[in-house]
1. If a residue must be open to solvent by 30 Å² or more (accessible area, probe 1.4 Å), more than 25 Å from residue 175 (Cβ to Cβ) and part of a helix (DSSP H, G or I), how many such residues does the range 1-53 contain?
2. Quickly run through the range 171-188 and pick out the residues that are open to solvent by less than 40 Å² (accessible area, probe 1.4 Å) and either in a helix (DSSP H, G or I) or charged (D, E, K, R) (or both).
3. What residue, of 138, 160, is closer than 16 Å to residue 182 by Cβ and modelled with pLDDT of 95 or more?
4. How many of the residues making up the range 1-30 are modelled with pLDDT of 95 or more, more than 19 Å from the chain's Cα centre (by Cα) and either more than 23 Å from residue 145 (Cβ to Cβ) or of a type in the set (D, E, K, R) (or both)?
5. Report the residue count in the range 256-304 for those that are β-branched (Val, Ile, Thr) and in contact (Cβ under 8 Å) with a residue 40 or more places away in the chain.
6. Helices (runs of 4 or more DSSP H) wholly in the range 234-300 with at least 1 residues that are surrounded by 14 or more Cβ atoms within 10 Å (Cβ to Cβ) and more than 30 Å from the chain's Cα centre (by Cα) - which ones?
7. When you go through (1) surrounded by fewer than 16 Cβ atoms within 10 Å (Cβ to Cβ); (2) free of Cβ contacts under 8 Å to residues at least 60 places away in the same chain one by one for residue 220, which number turns out not to apply?
8. Please give the number of the condition residue 128 fails out of (1) open to solvent by less than 10 Å² (accessible area, probe 1.4 Å); (2) under 19 Å from residue 23 (Cα atoms).
Amino acid sequence: MTPAVRLLLGWYRKHGRTLPWRDTTRRDGTPDAYRIFVSELMLQQTQVARVIPKYDEWIKHFPSWKRLAEASTPDLLHAWAGLGYNRRALQMRESAREVVANGEPTDENGWRRLKGVGPYMAAALAEFANHKRALVIDTNVRRVAGRVFLGIPYPNPTTDTRLLRALDRNIPDTGRHWDIPQAFMDLGSSICTPRLPQCTVCPLRTVCKAAPLFLSGRAGVKPRAKNTETRHRNKKYPDRIYRGRILAHIRAHGSTKIERLGPFIDEAYDAKRDIEWVRRMVDRMIKDQFIVEGKKGIVSLPKN
């Protein structure tokens, strides 16, 4: 075990977060892959504090792959409310149906075959659910490991090839290697933060290649990420936010005429300039199977 990993795990044993999806086991003592899968999909682009209560609620409603596979679309969308990126809920059901039909994946390649599971999530599930060594890189792992091993103050995905090699050199083949990515995540959420890392109290400060840059003030400033989301003319938010508001309104109030949605989702709605914008968003939501359109332009949740 390398010095950096030894220091990291020592810190993690004392300060690691207690989260409901960690160390969750079945009666036979093996990790509960379903619960870990749910947490990983929920945590995509959603903060841990928001996920915890939604995760607990979800597990009560859909405690198994089978129950999720049988869930109706309205039930899924109601349970998912508040997490954003509603497509993930439908992808989760598709994955559950695949698992019910063909069995639970046992390795990284198996997880990759499920709907909505990309490289990061497949590696995470292999580590956390199957306890098989995989190289896990999420935002926090990239930032912390990129600073420690590569000396880059603000790593981005273009450095992942180098980072994968560094992780491969540092992560052991035996022992609780699944704790290592979680330790990186916890350190990144509390100490090795994006803009102002607390290097003076970091357990890795003596082995981190980027620490001298931050401590001497030579790390520079974190570049701002470009926002590439679709936005209609002068609207305050990207379309994603307004689509979420459309779905929230329909969830709360039931069937609604398309022409009446505008004022509910946008206080600056202009009936002449924005009705086609609303129509385009509704069409996309129909295509994504979040809502259906009936007679006279009335939209509602699907019946099943």
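The values are calculated or read from the model by the stated rules, or taken from the named source; none is laboratory data. This is a predicted model, so every value here is computed, not measured. Note: ideal-geometry Cβ built from the backbone for every residue, glycine included; neighbour counts use all protein chains shown. Remember, those area values only see protein heavy atoms, side chains included, never the ligands or the DNA or RNA. Shrake-Rupley method; radii C 1.70, N 1.55, O 1.52, S 1.80 Å.
1. Within the range 1-53, residues that are open to solvent by 30 Å² or more (accessible area, probe 1.4 Å), more than 25 Å from residue 175 (Cβ to Cβ) and part of a helix (DSSP H, G or I) number 5.
2. 179, 180, 181, 182, 183, 184, 185, 186, 187, 188, listed by residue number.
3. 138
4. 3
5. Of the range 256-304, the ones β-branched (Val, Ile, Thr) are 256, 258, 265, 275, 278, 282, 286, 291-292, 298-299.
Within this subset, residues satisfying the condition of being in contact (Cβ under 8 Å) with a residue 40 or more places away in the chain are 256, 258, 291, 298-299.
Within the range 256-304, residues that are β-branched (Val, Ile, Thr) and in contact (Cβ under 8 Å) with a residue 40 or more places away in the chain number 5.
6. 258-265, 271-287
7. (2)
8. Residue 128 satisfies all of (1) open to solvent by less than 10 Å² (accessible area, probe 1.4 Å); (2) under 19 Å from residue 23 (Cα atoms) except (1).
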